[in-house]
Structures are given as structure tokens and as C-alpha cells.
Amino acid sequence: MKAKELLKIAAIAAITTGFVAGCATDSTEPTTTAVTEEECIGATAEVRNAIYAAKLKNARIRNLGLEWRETAKLIQAAEKAAEDCKNDRALILANKAEDEAADAIAAFHAAQVEEAPAPAVDTGDADMGNYLVVAGDNLWNIATKDSIYGNPYQWPLIYKANSGQIRDADLIYAGQFFSIPKASMAEADAAIQHAKTRGAWTLGETEASDLDYLAQ
């Protein structure tokens, strides 16, 4: 083969190789890696329960007129932290708020017990004595006690005698101190009649039928 033809073949091979290499280089694109951030799902069940418990106790001390401003702020901070998926912080704040509210309730009860007068001795007065409300009490179960009336339907007697500190006959609080009135047969009958015909009631509201009974 002549030298001229050999040079021609070499030149063609060089051009072809360069073209292939160029195509390979141009088709290569930078590889990117997708970064997926962890999705924020909000408060966990544990955090929601803790915040609910704190709100419940805070509502109770609010009803007693003892709400601590810092407790409400802690609850708000816990809710904000939960929204931002900072559940560990939210749980700490909610538990701290609940503890503060519980301390306020305990302090209130302790003060009530210290200040409560000694139970009255029956000397023929209009009252049978006094009763200190404890957690879980309601007028129905107080009236049921053998030491009171032994009849749950006579709860309106307690309600009427202590209406100054009972806004809703269905809602009383631990630490309240009630006088237990003696009642004539007519008064007992009127109380039983009201208890049995009172009608529907709503927690937190004073029913019209209760107001009618108080006015008797």
C-alpha cells in the first residue's frame, strides 16, 4: 500500500475517534442527588395527650379563679413547638404546664382545709352540719350518704342552702364547704319533686327549673 494511502486512512481514523469521543463527552451530564427533607407530621399522640391534660387542669384552676399566666404561656409554647415538629420540647413544656396547674389546685385545697371551720355540732339549729367536697363528689352522691340524707333525690336541699357558691347544680368543686340543712317534710318533698321533674340539663349552665326551685 502506498504511503499516501496510509496517511489518508490514519487521518480518517483520527477524525472518527475524535468525533466518537466528543459525542461521549457531550452526552455525559452531571449526576444530581435528590435530598428529601423529613416531612413534618406535627404533634405525636403523646404530645397531644400531654397538651390536653395541661389544658384540662388549667381550665380547672381558671374556674377557681387561680389561673397562673405563666401556665397559659407554657401551653401556647408547647402547641407552637408541636406545630414545628419539636415534639421533645413540646412534651417538656406541656408536662411543666400541667405540673404548675396541679400545684395551684393542691395549694387551693390546702388553703381551704386550713381555713374551713370545724364541723358544726348539732344543737337543734337549722343545719345538720357541714360537708367538705372532695374530688369526685356531686350533689347526688353527697345527699345519698347515710350521714347526710340517705336519699339522693334530696340533693336540691344542699343546692338551695349553698346557692351562693354553686352556679350550676351539676358542677361543684373539691374544696368547697357546704352547710347541710335540716328540712321539714314539706321541704324534703319539694326537693324530691324537683329532682325527679327537673328535666334536661347542660353542664356549666344554670337551668331555668333550678332557678324556679330556688325562688320557692
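The values are calculated or read from the model by the stated rules, or taken from the named source; none is laboratory data. Bear in mind the structure is a predicted one, so any value in this text is a computation, not a measurement. Here the Cβ is made from the backbone with ideal geometry for all residues, glycine too, and neighbour counts use every protein chain on show.
Here is a check on your reading of the model: is Ile142 at pLDDT 90 or above, over 28 Å from the mean Cα position of the chain (by Cα) and surrounded by 15 or more Cβ atoms within 10 Å (Cβ to Cβ)?
no
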Quiz item: Which condition number in (1) closer than 22 Å to Arg60 by Cβ; (2) part of a helix (DSSP H, G or I); (3) among the aliphatic types (A, V, I, L, M) is the one that Ala135 fails?
Solution: (2)
Quiz item: Can you name the condition, by its number, that Ser184 falls short on among (1) more than 30 Å from Ala107 (Cβ to Cβ); (2) within 32 Å of the chain's Cα centre (by Cα); (3) free of Cβ contacts under 8 Å to residues at least 24 places away in the same chain?
Solution: (2)
Quiz prompt | Output for segment 138-160, where each listed residue is among the polar types (S, T, N, Q) and part of a loop (DSSP other than H, G, I, E, B) | solution = Asn138, Ser147, Asn151
Self-check item: segment 39-97: number of residues that are among the polar types (S, T, N, Q) and buried (at least 16 other Cβ atoms within 10 Å of the Cβ)
Solution: 4
